[in-house]
1. If you scan the range 29-63, which residues turn out to be among the basic types (Lys, Arg) and over 21 Å from Ile78 (Cβ atoms)?
2. Kindly list the number of the only condition in (1) at pLDDT 95 or above; (2) under 17 Å from Ala101 (Cβ atoms) that fails for Val43.
3. Could you tell me whether any residue of the range 15-34 is at pLDDT below 90, surrounded by fewer than 12 Cβ atoms within 10 Å (Cβ to Cβ) and over 20 Å from the mean Cα position of the chain (by Cα)?
4. Which of the residues that make up the range 92-113 are assigned to a loop (DSSP other than H, G, I, E, B) and either on the phi > 0 side of the Ramachandran plot or surrounded by 12 or more Cβ atoms within 10 Å (Cβ to Cβ) (or both)?
5. Would you confirm whether any residue within the range 62-71 is surrounded by fewer than 18 Cβ atoms within 10 Å (Cβ to Cβ), in contact with a helix residue (DSSP H, G or I) (Cβ under 6 Å, 6 or more places away or on another chain) and part of a helix (DSSP H, G or I)?
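The values are calculated or read from the model by the stated rules, or taken from the named source; none is laboratory data. As the structure is a prediction and not an experimental result, all values here were calculated from the model. When we count neighbours, we look across all protein chains shown, and the Cβ atoms used for this are built from the backbone with ideal geometry, even at glycine.
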Amino acid sequence: MSVAAYQKANQNTENPKQTEYRAFAIFTRALEEAEAEGTIAVVKAVADNRQLWLTLQIDLASEENKLPLDLKAQLLSIAIWVNKYSVAAMKGEASLEPLIAVNKQIMDGLKGTQPPAP
């Protein structure tokens, strides 16, 4: 099956939440594997994850986005944090773990699961 056919099949079977979950899963796995692969992999994984969040930020700011305002505000705040934190992570001045943790929390939310109580 060609890549285009695979993408078309995915588009026909996935709902938007599933597509978002899959995107976060791909970029989170890349972050998890990056440190073992070296500096270039870290920079690429962080830059790709940052682009995901910038794309999300643009979507959240659009009038077509129908999420509740308080949720949009919270997600925009996280997106801004990811953007700033990513700069330090790409310089090797910050751990990738907080980026991974945030992505996993978003994935949990997309699945509809609640994090365990502290």
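1. Lys44
2. Here Val43 clears every test but (2).
3. no
4. Of everything in the range 92-113, those that are assigned to a loop (DSSP other than H, G, I, E, B) and either on the phi > 0 side of the Ramachandran plot or surrounded by 12 or more Cβ atoms within 10 Å (Cβ to Cβ) (or both) turn out to be Gly92, Ala94, Ser95, Leu96, Gly112.
5. No: the range 62-71 contains no residue that is surrounded by fewer than 18 Cβ atoms within 10 Å (Cβ to Cβ), in contact with a helix residue (DSSP H, G or I) (Cβ under 6 Å, 6 or more places away or on another chain) and part of a helix (DSSP H, G or I).
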